Ligand code: FCB
């Protein structure tokens, strides 16, 4: 806590009352939103996702998505209006390097324009270098299963750093390496639809090596140019895990192992010295009931337990983010929540989610977690991978026919929070913890 001393108003006189009524966040806190290129830009024809979408009619097609590639100015103006001072975006590898070793300078210029526009608007860019998609040629050559993938990725990273480095302080090397390895190589839900433990492990290992080398490369380049020290991390899909039978050794052990794999293995395997911050994407928490190795079903579904869920069946559980943040204190690094949000058709639910997760983050900060920023997923409704356009994650809604942006009530709430760098107590009572939807209600209408 010593570090946080002096950040909050002193608890004397009139301040005391104010302090109790308002949940202040640390000064210079980043209030942002997050997107990824393929999910919002539209027309990303040269990557493996696009190719995969085209292969079957029944699959969702990203198509024009939110046309963010062309409409970024309008979107940045909306971010400004929302009081955002940060934005997490990703650059699309297949646009920048459509053929091996050939870089498209128009695409690079485009991203320079976007980032310049953000900086001009006082919005700090956090740039992700790999967010699930790969150029087609890279995928065709075996993608991340190949040892040479690391070298090829680094060539891309080097180019991006040379071209955009002067405009960017925060870099995310890889988004959710474990999710990518599992979804694409073990569960087989995402391209290239493989189901192999061996391949999943191999890919995961290559991502570990890729992160380490990208970290070194980025630092070395900034150092050489005598620029400010960059901040480099990877985004982790952090989950909170609980066991019903906490006293049973098997459950305890299982949770410890699962927690290590999900929340710590990448940091440990890359080495602690290869992270300038911890980037937390938080959506999930799991409860262990029985250990069934044969079916690989360990966790109880929220639906089964009649718990409150989002429109895509993910449980609403704000307390979980408090736990993961306190667990991450062990690394003694700044923490940024680089994704958190809900897919829902209900604005009441969206705002309650926002306010109640932020309240838990506030408490985690009070308890010593060095959280320095929060990025809501997402700025816009967008292409949610294999689920297509149906989930609505945006603070801004999108009419996919006209591409019109719709400012949702939650955006106005976010604006007030960002503006005041705090959550007023009335907001908590009215929109946050005051009202919860009874469990049985959450079962209706696709969990919404
Ligand atoms: C995260 C992904 C992001 C988005 C959200 C809902 O795991 O990083 O692209 O799909 O989930």
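We did not get these values from a lab; they are worked out from the coordinates using the rules stated. These figures come from a predicted structure and were not determined experimentally. Glycine gets a Cβ as well: all are built from the backbone with ideal geometry, and neighbour counts include every protein chain shown.
Keeping to the stretch 394-422, report how many residues are touching a helix residue (DSSP H, G or I) at 6+ places or on another chain (Cβ under 8 Å) and within 19 Å of residue 371 (Cβ to Cβ).
2
For residues that are within 16 Å of the ligand (Cβ to nearest atom) and on the phi < 0 side of the Ramachandran plot, scanning just the stretch 303-314, find the one that is surrounded by the fewest Cβ atoms within 10 Å (Cβ to Cβ). Give the derivation first.
So the first thing to find is which residues in the stretch 303-314 are within 16 Å of the ligand (Cβ to nearest atom), and the list is 309-314.
Now restrict to residues that are on the phi < 0 side of the Ramachandran plot: 309-312, 314.
Details: 309: 25, 310: 26, 311: 20, 312: 18, 314: 16.
Going through the qualifying residues, I end up with 314.
Considering every residue within the stretch 132-149, establish whether at least one is part of a helix (DSSP H, G or I), closer than 22 Å to residue 338 by Cα and within 16 Å of the ligand (Cβ to nearest atom).
First, pick out the residues of the stretch 132-149 that are part of a helix (DSSP H, G or I): 136-140, 143-145, 149.
Add one more test, that the residue is closer than 22 Å to residue 338 by Cα, and what stays is none.
The answer is no; no qualifying residue exists.
Quick grid of which residues meet (1) over 18 Å from the mean Cα position of the chain (by Cα); (2) more than 14 Å from residue 35 (Cβ to Cβ); (3) within 12 Å of the ligand (Cβ to nearest atom); (4) crowded, with 18+ Cβ neighbours inside 10 Å:
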{"residue": "354", "(1), (2), (3), (4)": "no, yes, no, yes"}
{"residue": "364", "(1), (2), (3), (4)": "yes, yes, no, yes"}
{"residue": "367", "(1), (2), (3), (4)": "yes, yes, no, no"}
{"residue": "381", "(1), (2), (3), (4)": "no, no, yes, yes"}
{"residue": "409", "(1), (2), (3), (4)": "yes, yes, no, no"}
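How many residues, within the stretch 386-406, are surrounded by fewer than 20 Cβ atoms within 10 Å (Cβ to Cβ) and within 11 Å of the ligand (Cβ to nearest atom)?
Going through the stretch 386-406, the residues surrounded by fewer than 20 Cβ atoms within 10 Å (Cβ to Cβ) turn out to be 386-390, 397, 399-404, 406.
Restricting the remaining residues to those that are within 11 Å of the ligand (Cβ to nearest atom) gives 386-387.
Summing the residues that are surrounded by fewer than 20 Cβ atoms within 10 Å (Cβ to Cβ) and within 11 Å of the ligand (Cβ to nearest atom) in the stretch 386-406 gives 2.
Can you find a residue in the stretch 271-294 that is loosely packed, with under 15 Cβ neighbours inside 10 Å and touching a strand residue (DSSP E or B) at 6+ places or on another chain (Cβ under 7 Å)? Spell out how you get there, then give the answer.
Within the stretch 271-294, the subset loosely packed, with under 15 Cβ neighbours inside 10 Å is 271-273, 290-294.
Restricting the remaining residues to those that are touching a strand residue (DSSP E or B) at 6+ places or on another chain (Cβ under 7 Å) gives 291-292.
Within the stretch 271-294, one or more residues are loosely packed, with under 15 Cβ neighbours inside 10 Å and touching a strand residue (DSSP E or B) at 6+ places or on another chain (Cβ under 7 Å).
Check the stretch 169-180 and report whether any residue there is under 21 Å from the mean Cα position of the chain (by Cα) and farther than 30 Å from residue 113 by Cα.
So the first thing to find is which residues in the stretch 169-180 are under 21 Å from the mean Cα position of the chain (by Cα), and the list is 169-180.
Remaining after also requiring farther than 30 Å from residue 113 by Cα: 178-179.
Within the stretch 169-180, one or more residues are under 21 Å from the mean Cα position of the chain (by Cα) and farther than 30 Å from residue 113 by Cα.
Being surrounded by 13 or more Cβ atoms within 10 Å (Cβ to Cβ), under 14 Å from residue 173 (Cβ atoms) and away from the ligand (no atom under 16 Å from the Cβ), is that true of even one residue in the stretch 232-245? Steps first, please.
Within the stretch 232-245, the first condition is being surrounded by 13 or more Cβ atoms within 10 Å (Cβ to Cβ), and the residues that meet it are 232-243.
After this cut, where a residue has to be under 14 Å from residue 173 (Cβ atoms) as well, the list is 232-236.
Imposing the further condition that a residue be away from the ligand (no atom under 16 Å from the Cβ) reduces the set to 232.
Yes, the stretch 232-245 contains at least one residue that is surrounded by 13 or more Cβ atoms within 10 Å (Cβ to Cβ), under 14 Å from residue 173 (Cβ atoms) and away from the ligand (no atom under 16 Å from the Cβ).
Identify the residue in the stretch 167-221 that is closer than 27 Å to residue 375 by Cβ and assigned to a loop (DSSP other than H, G, I, E, B) and, among all such residues, is nearest to the ligand (Cβ to nearest atom).
176
Report yes if some residue within the stretch 263-272 is under 17 Å from the mean Cα position of the chain (by Cα) and under 30 Å from residue 381 (Cβ atoms); otherwise report no.
Narrowing the stretch 263-272 to residues under 17 Å from the mean Cα position of the chain (by Cα): 263-264, 266-267.
Checking which are under 30 Å from residue 381 (Cβ atoms) leaves us with 263, 266.
For the stretch 263-272, residues under 17 Å from the mean Cα position of the chain (by Cα) and under 30 Å from residue 381 (Cβ atoms): present.
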